[in-house]
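Each remark here refers to the structure printed beneath this line.
The values are calculated or read from the model by the stated rules, or taken from the named source; none is laboratory data. A quick note: this is a predicted structure, and the numbers were derived from the prediction, not measured. Neighbour counts run over all protein chains shown; Cβ positions are idealised from the backbone, glycine included. All accessible areas refer to the heavy atoms of the entire protein, side chains included, with ligands and DNA or RNA removed. Shrake-Rupley method; radii C 1.70, N 1.55, O 1.52, S 1.80 Å.
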Amino acid sequence: MLLIKNGRVVNPKSGLDTQADVLVDGKKVVKIAENIDAGDAQVIDATGLVVAPGLVDIHVHFREPGQTHKEDIHTGALAAAAGGFTTVVMMANTNPTISDKETLEEVLTSAAKENIHLKSVATITKNFDGENITDFKGLLEAGAAGFSDDGIPLTNAGIVKKAMELAKENNTFISLHEEDPDLNGILGFNENIAKKEFHICGATGVAEYSMIARDVMIAYDTQAHVHIQHLSKAESVKVVEFAQKLGAQVTAEVAPQHFSKTEDLLLSKGANAKMNPPLRLESDRQAVIEGLKSGVITVIATDHAPHHADEKNVADVTKAPSGMTGLETSLSLGLTYLVDAGHLSLIELLKVMTSNPSELYGFDAGYLAENGPADLVIFADKEKRQVTADFKSKASNSPFVGEELTGSVKYTICDGEIVYQA
């Protein structure tokens, strides 16, 4: 047994926010109360700390199979635990892509060896070809959590409609990366800074919000559920809100980098601040924060995208791959740029990082209650820390290295076992 004493116990699903003890026995939380006496239980003193459900991230890239020089399932799981995450959903842009049952089963077999809960989506189209839809029914039966061609936008509207109809038939949903390649220049650079500082055509806002507009209206027509990944533009938030008010089944996520920083970070952090979609303008940053506050955006997801240092450290920044490692800074970015900044309360932040993403997929996770899963994070919500490159991830491609942020994970507990201790 494990007894967590004197913590600030927060369950965003129920609204619980109180000082209490938490008793864990096996894989379950068995009691939440004051002054629990559990005899010979292992004790964690959580005085001054927050005790919350284990965080849930529905958008990570663990690069296995095929790109394990960047990350693998084991190091990705270690990074997740260090960031306070007990459940994550892996994307399918591996090599080979997760487009068939054999590859999915291989990935899930590897994932089952880890000490946190690792799920995986499968691709919408075979090998990301954008034309041939995968076997949704068979992949779901084999354990796919959902479907996404994340990294490659679906340009064919007819395929999007067929995929939505198929998802609805199978009681699931599709997640979409929205950047129309026909309206974009060089990815990873917002159009403003691309033109002004790099003298190139960058990633345009219209490439994102026009594609979102197309797809949310297809979702409205089909009454299928579509999830929009990593919103970055003010107009995108408005388009999603419009579709939701029409009655479309549309949900959306934002990545921590997009509510924390703007395109100017490219000037000081170079390739480590290059990502898809790119960091945008201050007006966009404020808009996605408003989207979180209003409930238009219901999920924070990292888009954890590790790359090898040699790939990022190329002479021509336009040639560097897009993406940043994000699992080990996500909670701190939320505490710093949302809670400390006065935009969200602690319980509101935790809701979009635990119960909301969990409910999207129907996971038994993201809440802290008696008889519930013993998946918890214990963290100091006021403690300042300087981000170092000493990550559990194989990669250190984060533009936040060197920055002082609020919040420090002290323990991560999954299935009643301590899987990370600071």
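From the list His74, His59, His69, the lone residue that is buried (at least 21 other Cβ atoms within 10 Å of the Cβ), at pLDDT 95 or above and either out of contact with any strand residue (DSSP E or B) (no Cβ under 8 Å at 6 or more places or on another chain) or more than 20 Å from Pro373 (Cα to Cα) (or both) is His59.
Evaluating Thr318 against the criteria (1) touching a Gly at 6+ places or on another chain (Cβ under 9 Å); (2) crowded, with 17+ Cβ neighbours inside 10 Å; (3) hydroxyl-bearing (Ser, Thr, Tyr) leaves one unmet condition, (2). Within the stretch 115-124, can one find any residue that is open to solvent by 20 Å² or more (accessible area, probe 1.4 Å), outside any strand (DSSP E or B) and modelled with pLDDT of 95 or more? Taking every residue of the stretch 115-124 in turn, at least one turns out to be open to solvent by 20 Å² or more (accessible area, probe 1.4 Å), outside any strand (DSSP E or B) and modelled with pLDDT of 95 or more.
Scanning the stretch 310-331 for residues being touching a residue at least 40 places away in the same chain (Cβ under 8 Å) and of a type in the set (D, E, K, R) gives a total of 3. Taking every residue in the stretch 281-309 that is farther than 20 Å from Ala271 by Cα and pairing it with any residue that is of a type in the set (Lys, Arg) and open to solvent by 10 Å² or more (accessible area, probe 1.4 Å), at least 6 positions away or on another chain, the pairs with Cβ-Cβ distances below 6 Å are Asp284/Lys233.
The residue list Thr97, Thr109, Thr87 contains one member that is modelled with pLDDT of 95 or more, of a type in the set (Ser, Thr, Tyr) and assigned to a helix (DSSP H, G or I), which is Thr109.
Residues in the stretch 104-162 that are closer than 25 Å to Leu187 by Cβ and among the basic types (Lys, Arg): 1 in all.
Pairing each residue of the stretch 30-44 that is in a loop (DSSP other than H, G, I, E, B) with any residue that is of a type in the set (D, E, K, R), provided the two are 6+ apart or on different chains, yields C-beta distances under 7 Å for Glu34/Asp21; Asn35/Asp21; Ile36/Asp21. In this structure, Lys31 does not satisfy being basic (Lys, Arg), open to solvent by less than 70 Å² (accessible area, probe 1.4 Å) and in contact with a strand residue (DSSP E or B) (Cβ under 7 Å, 6 or more places away or on another chain). In the stretch 285-298, is there at least one residue being open to solvent by 30 Å² or more (accessible area, probe 1.4 Å) and under 13 Å from the mean Cα position of the chain (by Cα)? Scanning the stretch 285-298, I find at least one residue that is open to solvent by 30 Å² or more (accessible area, probe 1.4 Å) and under 13 Å from the mean Cα position of the chain (by Cα), so the answer is yes. Output the number of residues of the stretch 216-234 satisfying the condition of being under 21 Å from the mean Cα position of the chain (by Cα) and either over 11 Å from Gly291 (Cβ atoms) or not in a helix (DSSP H, G or I) (or both). Qualifying residue count, the stretch 216-234: 10.
Every condition in (1) over 27 Å from Thr325 (Cβ atoms); (2) without any contact (Cβ under 8 Å) to a residue 40 or more places away in the chain; (3) crowded, with 24+ Cβ neighbours inside 10 Å is met by Ile212 except one, and the failing one is (1).
Taking the listed residues Val314, Val288, the one that is of a type in the set (Val, Ile, Thr), in contact with a strand residue (DSSP E or B) (Cβ under 6 Å, 6 or more places away or on another chain) and either under 23 Å from Val88 (Cβ atoms) or not in a strand (DSSP E or B) (or both) is Val288, with no other qualifying. Listed by first and then second residue, the pairs with beta-carbon distance under 7 Å, at least 6 apart or on different chains, first residue in the stretch 148-173 and in contact (Cβ under 8 Å) with a residue 60 or more places away in the chain, second of a type in the set (S, T, N, Q), are Ser148/Ser175; Asp150/Asn93; Asp150/Ser175; Asp150/Gln229; Gly151/Asn93; Lys161/Thr222; Met164/Thr222.
One residue alone among Asn313, Asn356 is surrounded by fewer than 18 Cβ atoms within 10 Å (Cβ to Cβ) and at negative phi, and that residue is Asn313. Restricting attention to the stretch 149-186, the residues that are of a type in the set (Ser, Thr, Tyr), buried (at least 19 other Cβ atoms within 10 Å of the Cβ) and outside any strand (DSSP E or B) add up to 1.
Every condition in (1) open to solvent by 10 Å² or more (accessible area, probe 1.4 Å); (2) farther than 20 Å from His61 by Cα; (3) touching a residue at least 24 places away in the same chain (Cβ under 8 Å); (4) not in a loop (DSSP other than H, G, I, E, B) is met by Lys245 except one, and the failing one is (3).
Being more than 16 Å from Asp150 (Cβ to Cβ) and free of Cβ contacts under 8 Å to residues at least 12 places away in the same chain: is that true of Asp72 here? So Asp72 does not fit the description; no. For the stretch 332-351, a residue qualifies if it is open to solvent by less than 10 Å² (accessible area, probe 1.4 Å), touching a residue at least 60 places away in the same chain (Cβ under 8 Å) and among the aliphatic types (A, V, I, L, M), and the qualifying residues are Leu333, Leu335, Leu338, Leu350.
Return a yes/no flag: does the stretch 368-388 have any residue that is outside any loop (DSSP other than H, G, I, E, B), small (Gly, Ala, Ser) and touching a residue at least 40 places away in the same chain (Cβ under 8 Å). Within the stretch 368-388 (the criterion being outside any loop (DSSP other than H, G, I, E, B), small (Gly, Ala, Ser) and touching a residue at least 40 places away in the same chain (Cβ under 8 Å)), the answer is yes, since at least one residue qualifies.
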